[in-house]
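In what follows, a structure is listed as structure tokens, so that the remarks can point back to it.
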Amino acid sequence: SEHIVGELMKGFNLKRPLSETEKSAFAGIPGGAEIAEKLQGSIRAVSLVSQAGLISAFANDVDASLVFAQQVWGYASSPDDVLIALSTSGNSCNIVQAAAAAKAKGVKTAAITGCRESSLSALADVTLKLPASTPYEVQEYTLPVYHALCAALEAAMFSE
């Protein structure tokens, strides 16, 4: 998930220069023109595994199986938001609970799992079932799949 965020938050295959309108927001700020030239257009993304303090606090104080669900509940703010849920088995309780929170919040879920039906595939709006069930194989197949998704999303949002 950290890698996916990296591909979405900055240029992946395409240059993503700021628009002239976005650049103009830096007018009058010392060094603003240079900053505006180096910044890139972003697709808003957050990796739920990177929130160590929140994960620890919520797991200790509430319920470890809901650490990602809590974040989905807190971060999701629009029906245009999408949860990308990765689970080799499709039955990882913490991921399934996050998908349940997404559904309750009105957010779409795109799941990437192994080949079997699962609790996650039952909740997700779209499930990409990879042609494997062994964890290491599912994980290996996941890399080109999410790269393809990132490239397609980037092309849709940043191609001229």
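For segment 98-112 and segment 23-44, what is the centre-to-centre distance using only Cα atoms, to the nearest Å?
33
What aspartates and glutamates sit close enough to Lys105 to cross-link, taking a C-alpha to C-alpha distance under 20 Å and skipping anything fewer than 8 places away on the same chain?
Correct list for Lys105: Asp63, Asp80, Asp81, Asp125.
Using a 1.4 Å probe on the protein chains only, how many percent of the accessible area of the chain belongs to carbon and sulfur?
Of the solvent-accessible surface of the chain, carbon and sulfur hold 58 percent.
Taking amide H positions as placed 1.01 Å from N in the peptide plane, with prolines and chain starts having none, which residues 5 or more places from Thr127, or on another chain, fall under 5 Å of its amide H?
Under 5 Å from the amide H of Thr127 lie the amide H atoms of Ala111, each far enough along the sequence or on another chain.
Taking only protein heavy atoms into account and a 1.4 Å probe, give the accessible area per residue of the chain in Å².
With the other protein chains kept in place, the chain gives 58 Å² per residue.
Based solely on its DSSP helices, what 222 nm [θ] is calculated for the chain when runs of n ≥ 4 H residues each add -39,500 (n - 2.57) and the sum is averaged over all residues, nearest 500 deg cm²/dmol?
Taking each H run of at least 4 residues, the total per residue is -14000 deg cm²/dmol.
Is the C-alpha gyration tensor of segment 64-160 telling us rounded, prolate or oblate? Criteria: a/c under 1.5 is rounded; beyond that, a/b larger than b/c is prolate, otherwise oblate.
Oblate, because a/c is 1.5 or more while a/b does not exceed b/c.
Cut-off under 16 Å on the C-alpha distance; same-chain residues fewer than 8 positions from Lys38 excluded. Which lysines are left, in chain and number order?
Reachable lysines: Lys10, Lys15, Lys23.
Can you put Asp61, Asp125 in order of accessible area, largest first, using a 1.4 Å probe?
Numbers: Asp61 125, Asp125 75 Å².
Descending accessible area places them as Asp61, Asp125.
The values are calculated or read from the model by the stated rules, or taken from the named source; none is laboratory data. Only a predicted model underlies this, so the values are computations on that prediction, with no experimental measurement involved. Please note that ligands, DNA and RNA were not included when accessible areas were found on the heavy atoms of the full protein model with its side chains. Shrake-Rupley method; radii C 1.70, N 1.55, O 1.52, S 1.80 Å.
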